[in-house]
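Some notes on the structure that comes next.
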Amino acid sequence: MAGQAGPGAVSVASAIVSVVDELVERVDAQDRVLGVVSRWEAVREGWLHRVATVVCRDGQGRFLVHRRAGHLSRFPGHYELGVGGAAGVGESYEEAAVRELSEELGTAAAVSLRFRFLNRNGLSPHWLGVCDAVLPESVAPDPGEVAWHRWLTEAEVQRALQGWTFTPDSQEVFGRYLACGASGPGRAPGLGG
């Protein structure tokens, strides 16, 4: 994988920065709710809001990596480690993560919030709640959201992050995920590893 751009790779310059309007909670530097705003407004003004992502593992401990569909408004064609999106009004990180799993991968699973951090990568600053879930190897991604997917070992993900065009936060999410002890050879969260 090293040195490869991956299937259907695109350049960073092709990331489109338009945002579909949806309501989110504007939050402060301590992740406390300040009010309800449109996501477009939050991105335009640089206001903090909440985003949830799920690092998906299979029973063998491999990671699900996918390429975003080419027509999406945010980072079309980029690879991504997590499945996620903005938390809606009144939604916890976990609730948003479960919803995103259903919408993007057509699956339901229990999720665990592993950590959250103030993410300054991407379209605008936001609180990113990183959850994880163990999924069956066979998932049915929505082709309108996911153009390609594959289960990769930790070493394969490390190589892909060096050569493929990932979303801006994927490297940091992966590093923090490994650092929090949720990973390890042959381990997947929730499997007693």
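The values are calculated or read from the model by the stated rules, or taken from the named source; none is laboratory data. What you see is a predicted model, and the numbers here were worked out from it, not measured in a lab. Cβ: placed from backbone, ideal geometry, glycine included. Neighbour counts: every protein chain shown. Keep in mind that these areas ignore ligands, DNA and RNA; they rest on the heavy atoms of the full protein, side chains included. Shrake-Rupley method; radii C 1.70, N 1.55, O 1.52, S 1.80 Å.
Below, the figures for the structure above:
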item: Mean projection area, nm², convex hull over Cα of region 137-185; result: 4.3 nm²
item: Phi to ³J(HN,Hα) by Karplus 6.51 cos²θ - 1.76 cosθ + 1.60 over region 49-65, Hz, x for Gly, Pro; result: 8, 10, 10, 10, 9, 10, 7, 9, 10, 9, x, 8, x, 6, 9, 8, 10
item: Accessible carbon and sulfur surface of region 107-185 relative to its total accessible area, %, 1.4 Å; result: 47 percent
item: Under 5 Å, built H, 5+ apart or other chain: amide partners of Phe75; result: Ile16
item: Along principal axes, Cα extents of region 59-144, largest first, whole Å; result: 33, 29, 23
item: Per residue value of the accessible surface for region 113-169 (all protein chains in place, 1.4 Å probe), Å²; result: 45 Å²
item: Exposure rank, largest accessible area first [Trp47, Trp40, Trp151; 1.4 Å]; result: Trp40, Trp47, Trp151
item: FRET efficiency estimate (nearest 0.05) - Cβ-Cβ, Asp28 to Glu154, R0 35 angstrom; result: 0.50
item: D (Stokes-Einstein, µm²/s), Kirkwood Cα radius, region 42-193, 1.306 mPa s at 10 °C; result: 103 µm²/s
